[in-house]
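A.B. asks: Take a look at the following structure, please.
The values are calculated or read from the model by the stated rules, or taken from the named source; none is laboratory data. These numbers were taken from a predicted model, which means no experiment stands behind them. As a convention, Cβ positions derive from the backbone with ideal geometry for all residues, glycine included, and neighbour counts pool all protein chains shown. Accessible surface is based on the protein model in full, side chains and every heavy atom, while ligands, DNA and RNA are left aside. Shrake-Rupley method; radii C 1.70, N 1.55, O 1.52, S 1.80 Å.
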Amino acid sequence: MRPSRIPAIGCALGASALLIAGCSSGQQTSSGAQTAGPVSGNITIAYLQKQGDQQYFIDEAAGAVAAAKELSTPQSTVNVKVVNLGQDANKAVTETDSAVAQKVNGIAIVVPDQKIGPQVANAASTGGVPLVSSDDSIKDGSGTDVPFVGFDGYDMGSKVGTAAAKLAAPKGWTAADTAVLYSSKQDLTVCQDRVRGEKEQYTKGGGVGKVIDVGTDNSVNGAQSTASGIITGNPGVKNWVVMGCNDENVSGVLQALSNAKVPASNVIGVGLGAYIACKSWQPGSAPDGFMSALYIDGHDVGGDAVRTLVAKIRNGTPLPPKTIAKTQIVDAANAASSSLKCT
């Protein structure tokens with residue numbers, strides 16, 4: 001994981017911001033949910049992100065700020081405050097409460113733990129603040145989904161599994177000497193959806209191998225540490241197919257395989273994100289088994305979250321139940337022709 005590079009962007013939610021954000025004429029229901037009543041002045045949106053130092057979330061924050069700039073007018077500036085929650089669920093609840101108390105006009109949140117959904121949703125509803133969940137879905141206290149902006153997890157996994165099966169087919173590997181390792185944070189529903197799609201489509205595409213599920217914290221180090229023992233414990237496996245919930249998971253497993261002296265020619269890694277995988281395709285990089293990845297652009301999700309909130313805040317446009325961003329498989333041959341920027 002990279003050190004945090006998220007700048008202090010947008011407005012500070014201090015006293016002056018409170019006066020600006022408080023110009024909403026929106027009416028509230030008895031439950032606190034904001035109804036019609038557009039904001040004609042400046043708009044403040046809090047973007048609360050788990051693991052804000054990961055490249056994907058850095059891109060997401062940048063996309064949110066870029067959209068805010070595009071949507072700003074001389075009469076109504078859109079400001080975004082990005083908060084890195086790390087993996088602290090308690091901080092997520094506290095920051096939500098703080099944003100509501102400071103009378104922001106909207107909140108987008110990537111929760112560190114989906115279990116806090118009802119608390120977050122209740123705080124926003126009570127304060128009359130429109131809320132969207134970003135990347136990881138959450139439910140309110142009644143079990144209703146909070147409006148979501150992100151990706152279709154199962155579709156993403158399906159594309160990864162299909163790509164892995166196509167890469168494995170010409171290898172001629174057998175089930176007896178091949179393992180298919182799925183690395184993910186197993187209690188996260190988006191990871192469950194992704195891995196389910198990977199498994200189903202890899203099998204449907206004719207892929208073979210012993211299935212091994214690895215539970216991690218979705219970080220490179222976490223995946224590497226957990227996978228190391230599993231690799232050592234399976235000395236009979238010659239070939240490895242690696243998928244997971246994100247690029248970090250696949251990268252960590254590939255590092256563990258390299259440390260175990262498994263040749264890159266005996267590894268097929270298909271990432272999910274492409275922001276780490278793309279480094280393996282740059283000139284001069286040594287082969288590490290990262291064959292392809294599903295490119296997901298955090299800029300799109302951050303931008304869409306801000307656009308849906310601003311439409312609600314300015315015009316009373318209902319928040320869509322789901323806003324799904326596009327994805328595509330990239331590899332060394334076509335990554336440069338996509339919008340992916342590998343740094």
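A.B. asks: Under 5 Å between amide H atoms, partner at least 5 residues away or on a different chain: which partners does Leu85 have, H built in plane at 1.01 Å?
C.D. replies: Gln49, Lys50, Gln51, Gly52
A.B. asks: Modelling each spin label as a point 7 Å along the Cα-to-Cβ direction, I'd like the Thr73/Thr174 distance in nm, to one decimal.
C.D. replies: With each label point 7 Å from Cα toward Cβ, the separation is 7.0 nm.
A.B. asks: Under 5 Å between amide hydrogens, which residues at least 5 positions from Val180 or on another chain qualify, with H placed 1.01 Å from N in the peptide plane?
C.D. replies: It is Lys210, Val211, Ile212, Val241, by chain and number.
A.B. asks: Moving on to the next point. Pairs of alpha-carbon atoms within less than 8 angstrom and 6+ residues apart define the contacts here; what relative contact order does the chain have, in percent?
C.D. replies: 18 percent
A.B. asks: Using 1/(1 + (r/R0)^6) with R0 = 35 angstrom and r between the beta carbons of Asn90 and Lys204, what's the FRET efficiency to the nearest 0.05?
C.D. replies: Efficiency, from the Cβ-Cβ distance: 0.25.
A.B. asks: With everything on Cα atoms, drop me the angle between helix 117-126 and the longest principal axis of the chain, reported from 0 to 90° to the nearest 10.
C.D. replies: The answer is roughly 20 degrees.
A.B. asks: Relative to the present Cα-Cα distance, how much length would full extension add between Arg196 and Asp97 at 0.36 nm per residue of separation?
C.D. replies: Separation in residues times 0.36 nm, less the Cα-Cα distance, equals 32.2 nm.
A.B. asks: Skip the ligands, DNA and RNA, and give the accessible area per residue of the chain with a 1.4 Å probe, whole Å². The partial results should precede the final answer.
C.D. replies: Details: 14330 Å² over 343 residues.
Dividing the accessible area of the chain by its residue count gives 42 Å².
A.B. asks: For the Cα atoms of the chain, what angle does the longest principal axis make with the long axis of helix 247-259, in degrees from 0 to 90, nearest 10?
C.D. replies: Value to nearest ten degrees: 30.
A.B. asks: Two decimals, Cα atoms only, Kirkwood Rh: what is Rg/Rh over the stretch 206-343? Please report the intermediate quantities before stating the final value.
C.D. replies: Values: Rg = 18.1 Å, Rh = 16.6 Å.
Rounded to two decimals, Rg over Rh is 1.09.
A.B. asks: With the full set of protein chains in place, find how many percent of the accessible area of the chain is carbon and sulfur; take the probe as 1.4 Å.
C.D. replies: C and S fraction of accessible area: 53 percent.
A.B. asks: Taking a cut-off of 19 Å between Cα atoms, list the aspartates and glutamates near Lys115, but don't count ones fewer than 8 places away on the same chain.
C.D. replies: The qualifying aspartates and glutamates are Asp88, Glu95, Asp97, Asp135, Asp136, Asp140, Asp145, Asp187, Asp193, Asp217.
A.B. asks: Also, I was wondering about something else. Measure nothing but the geometry: give the 0 to 90° angle between the long axis through the Cα atoms of 220-232 and the longest principal axis through the Cα atoms of the chain, rounded to 10°.
C.D. replies: The angle comes out at about 30 degrees.
A.B. asks: While we're looking at this one, here's another question. Taking only the C-alpha atoms, wrap a convex hull around the chain and report its volume per residue in Å³ as a whole number. Display every interim value, and only then the final one.
C.D. replies: Values: hull volume 43.6 nm³, N = 343.
Spelled out: Cα convex hull of the chain, divided by residues, is 127 Å³.
A.B. asks: Let me ask something else about it. Determine, for each peptide in 108-114, 233-239, the mean count of other beta carbons within 10 angstrom over its residues, then list the peptides with the highest first.
C.D. replies: Packing order, densest peptide first, comes out as 108-114, 233-239.
A.B. asks: Rounded to the nearest 0.05, what FRET efficiency is calculated for Asn234 and Asp187 with R0 set to 25 Å and r the Cβ-Cβ distance?
C.D. replies: My answer for the efficiency is 0.55.
A.B. asks: A further question follows. Roughly speaking, what is the centre-to-centre gap between the stretch 130-147 and the stretch 301-322 when only Cα atoms are used, to the nearest Å?
C.D. replies: When both Cα centres are located, 14 Å separates them.
A.B. asks: Oh, and also: Measuring from label point to label point, each 7 Å out along Cα→Cβ, what is the Ser285 to Ile324 span in nm?
C.D. replies: 2.9 nm
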